[in-house]
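The values are calculated or read from the model by the stated rules, or taken from the named source; none is laboratory data. This structure is a prediction, so every number in the text was calculated from the model and none was measured. Here the Cβ positions follow ideal geometry from the backbone for every residue, glycine too, while neighbour counts run over all protein chains shown.
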Amino acid sequence: MTRDKDRQMKAIILYDSRSRGGATDRLIDSIGQQLAEYGAYVEKARCKATADYSFLRDFDVVIMGAPVYYMVVSSQLLGALLQSNLKRYLKNKNIALFLTCGSPVAMAQSVYLPQLKIHLMRNRILSEKIIAPHQIDDEEVIEDFVEEIVDGYRKSFKSRGGDLQWSDEALELLDSAPPFFSDKIRAALISYAEENGIRYITPEVLDEARASPRGY
């Protein structure tokens, strides 16, 4: 897969683990390193159930993962989705999910991943991966996960209109409209942006398009 550094992805890995410096930390470091090889800017943060997650505004992709203990995803990550403002700042974000557990993949996909996905119904999930303990240091497994994230991220730009980027506020405005009108507004904004050399669409661009002579 060809590395593309023309558009830098900003990704953060939100993770939970009961230990420090163990297998989960090695996995996080490996994911971050491989993303960096694709030209991504990467940070990592350990989840806390009652933390402030407003810093997610600065990232395009949020990679979330944790071990499974006694058939439940590690408590700080689940707690953050339930108790903090994490869900608010995940809105309209591209998401990738991973879990580390020794259960069969089918069981993990049907029992454990839904514990996270139920909180992410309106997010675009780029990739989801179940990683067994013996795969944590397997570079090929991690590379497959990272490639899916990068491919999904690039496709998300294409679906929004070529090289255009959209602010969270602009996407919220589109999401609030009925699908038929949302599609018409999106197409009009793409045309207006392309004609005027705009590469980043905000609510202000929407106002400008409405006020233009052609009345987009």
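List the number of the failed condition for GLU140; all other conditions in (1) in contact (Cβ under 8 Å) with a residue 24 or more places away in the chain; (2) assigned to a helix (DSSP H, G or I) hold.
Unmet for GLU140, out of (1) in contact (Cβ under 8 Å) with a residue 24 or more places away in the chain; (2) assigned to a helix (DSSP H, G or I): (1).
Please go through (1) in contact with a helix residue (DSSP H, G or I) (Cβ under 8 Å, 6 or more places away or on another chain); (2) without any contact (Cβ under 8 Å) to a residue 60 or more places away in the chain; (3) in a loop (DSSP other than H, G, I, E, B) for LEU81 and return the number of the only condition it doesn't satisfy.
Here LEU81 meets the rest and fails (3).
Is it fair to say ILE31 is modelled with pLDDT of 95 or more, among the β-branched types (Val, Ile, Thr) and assigned to a helix (DSSP H, G or I)?
Values: modelled with pLDDT of 95 or more: yes; among the β-branched types (Val, Ile, Thr): yes; assigned to a helix (DSSP H, G or I): yes.
Judged against the criteria, ILE31 is a match.
Is there any pair linking a residue in the stretch 172-189 that is farther than 19 Å from LYS91 by Cβ to one that is of a type in the set (Val, Ile, Thr) and modelled with pLDDT of 80 or more, with Cβ under 6 Å and at least six apart or on different chains, and which?
LEU189/ILE201
For residues that are modelled with pLDDT of 80 or more and among the small types (Gly, Ala, Ser), scanning just the stretch 185-216, find the one that is surrounded by the fewest Cβ atoms within 10 Å (Cβ to Cβ).
Checking each candidate, the answer is ALA211.
Return a yes/no flag: does the stretch 127-146 have any residue that is at pLDDT below 90 and under 19 Å from the mean Cα position of the chain (by Cα). Reasoning before the result, please.
Within the stretch 127-146, the first condition is being at pLDDT below 90, and the residues that meet it are none.
Checking the stretch 127-146: not a single residue is at pLDDT below 90 and under 19 Å from the mean Cα position of the chain (by Cα).
Provide a single number: the residues in the stretch 42-74 that are aromatic (Phe, Trp, Tyr) and modelled with pLDDT of 95 or more.
2
When you look at ASP4, is it modelled with pLDDT under 90 and not assigned by TED's automatic domain parsing to the domain that holds ASN92, yes or no?
Yes.
Can you list residue pairs whose Cβ atoms sit under 7 Å apart, with the first residue in the stretch 14-30 being in the same structural domain as ARG57 (by TED's automatic domain parsing) and the second being modelled with pLDDT under 85? Count only pairs 6 or more apart in sequence or on different chains.
THR24/SER17; ASP25/SER17
For the stretch 116-137, name all the residues that are under 19 Å from THR24 (Cα atoms) and not in a loop (DSSP other than H, G, I, E, B).
Initial filter on the stretch 116-137 (under 19 Å from THR24 (Cα atoms)): 116, 127-137.
If the condition is that a residue be under 19 Å from THR24 (Cα atoms) and not in a loop (DSSP other than H, G, I, E, B), then LEU116, SER127, GLU128, LYS129, ILE130, ILE131, PRO133, HIS134, GLN135 are the ones that fit.
What's the total number of residues in the stretch 76-93 that are surrounded by 15 or more Cβ atoms within 10 Å (Cβ to Cβ) and at pLDDT below 90?
2
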